[in-house]
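First the structure, in the form of structure tokens, and then the observations on it.
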Amino acid sequence: MKGKQILGLCVMSMLAASLIMPWGPERGEAGETGPGYKVLAPISQGNLTIFPVVSDRSHDTRNFLTLDEGLRSGEVVISEAGSVQPLIRGSRRVIPQGGAEVNRLVLLNNSEHPLILLAGEIVTGGKQDRVVGKDRVVPPKSDPIDLTVFCVEPGRWVATKYDFGSFQTQMAQPSVRRSVMADKNQQKVWAEVHASAAAMTVPAAPATQRALESTSSYARVMGNAEVKQRVDAVAAPLEQSYRGLIRALRDRNAVGVVVAINDQVIWADLFASTGLLEKYWPKLIRSYAAEALTRPTAPGRPSVKAAQAFLEDFGARRETVESEPGVYRRTEHMGDGFTAFELTTLLPGTGFDLHIAKMVE
């Protein structure tokens with residue numbers, strides 16, 4: 001045990017020491033994605049490698065509510081479109097009624113705080129489990145909104161309950177998130193869900209195999225006791241190491257990670273503050289671990305230089321912008337071999353990036 005503690009202290013000391021290196025150029029200069037993001041030395045478990053990312057600035061995100069917090073408190077409600085009763089605040093609009101749809105839910109934010117939705121967050125219940133389809137901000141005390149979602153439970157169209165709860169232990173893994181965010185294709189989402197479930201089934205005990213084969217629910221596969229144990233075996237050491245690192249580097253603004261499996265960088269998640277990262281970290285690390293478990297192990301790991309280069313390459317061939325004036329702007333950057341999504345809050349007193357996700361094609 002002492003050996004592990006000493007190793008952990010050494011890792012954190014090396015990572016903290018690396019912060020004396022100068023920051024990169026400001027946003028807007030060639031090759032930079034944001035305000036002085038810097039990649040630190042990695043921590044690894046199995047074929048999964050996590051590169052912590054720090055920033056030269058941070059923003060106050062304490063007023064923002066996460067989906068887990070909102071659903072847990074009951075201030076945020078998600079329902080099938082067809083089961084929502086007409087809802088109105090004052091004289092404002094009403095969400096039209098109609099039948100339930102695979103790729104549409106309705107969300108109501110009754111809280112006093114703006115709500116952050118991240119693509120890949122899983123909600124369970126209704127006629128099918130779904131994942132949120134895109135990053136966005138929902139204003140406080142807002143009218144009901146149409147929520148773009150993708151099904152991650154093919155084969156079921158019978159309501160277990162009318163409203164939805166959050167799958168709080170994990171976000172959808174990167175391959176599923178990519179099919180949701182970049183491909184925006186329900187068939188590809190189902191294909192990735194099936195592939196992930198099949199990969200988790202093969203090494204399982206016979207009883208677990210039967211249980212996994214009897215469900216089409218991505219959440220139930222990932223929530224299976226044996227699967228959770230395997231995911232935690234990869235995720236827990238990294239979660240604890242990075243939590244310790246966040247505490248050690250709180251004044252240096254640890255805001256995200258670059259993710260690699262084997263020798264390939266595959267993903268990055270960056271947030272506006274350390275506090276916001278901490279809220280999502282337990283779900284994110286388990287999504288990365290699940291991805292690692294569905295891929296064969298191969299030799300090699302990328303260097304810090306390769307991870308930094310991935311983070312800095314935002315040279316987009318094409319950009320698409322979607323905006324709700326005064327609330328948020330979401331920009332999709334399509335470059336050579338990557339797609340990135342940038343969620344910017346436009347609420348009064350803000351005007352900064354809440355979340356950036358970048359993925360390889």
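If the condition is being of a type in the set (S, T, N, Q) and surrounded by fewer than 13 Cβ atoms within 10 Å (Cβ to Cβ), then the range 277-323 contributes 297, 320, 323. So, residue 252, is that one in the same structural domain as residue 354 (by TED's automatic domain parsing) and among the basic types (Lys, Arg) or not? Yes.
Annotation: residue 204 fulfils all but one of (1) without any contact (Cβ under 8 Å) to a residue 40 or more places away in the chain; (2) not in a loop (DSSP other than H, G, I, E, B); the unmet one is (2). For the range 167-180, filtered to residues that are within 11 Å of the chain's Cα centre (by Cα) and not β-branched (Val, Ile, Thr), the residue that is nearest to residue 223 (Cα to Cα) is 170.
Candidates are the residues of the range 264-276 that are touching an Asp or Glu at 6+ places or on another chain (Cβ under 8 Å) and outside any strand (DSSP E or B); the one that is surrounded by the fewest Cβ atoms within 10 Å (Cβ to Cβ) is 273. Within the range 249-263, the set of residues being assigned to a helix (DSSP H, G or I) and either crowded, with 16+ Cβ neighbours inside 10 Å or at pLDDT 85 or above (or both) comprises just one member, 252.
Residues of the range 263-295 that are of a type outside the set (A, V, I, L, M, F, W, C) and free of Cβ contacts under 8 Å to residues at least 60 places away in the same chain: 263, 278.
Yes or no, residue by residue, for (1) touching a residue at least 12 places away in the same chain (Cβ under 8 Å); (2) assigned to a strand (DSSP E or B); (3) surrounded by fewer than 21 Cβ atoms within 10 Å (Cβ to Cβ); (4) not acidic (Asp, Glu):
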residue: 175; (1), (2), (3), (4): yes, no, no, yes
residue: 196; (1), (2), (3), (4): yes, no, no, yes
residue: 211; (1), (2), (3), (4): yes, no, yes, yes
residue: 229; (1), (2), (3), (4): no, no, yes, yes
residue: 244; (1), (2), (3), (4): yes, no, yes, yes
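The values are calculated or read from the model by the stated rules, or taken from the named source; none is laboratory data. Remember, predicted model here, so these are calculated numbers, not experimental data. A quick note on method: Cβ atoms are made from the backbone with ideal geometry, for glycine too, and the neighbour counts reach across all protein chains shown.
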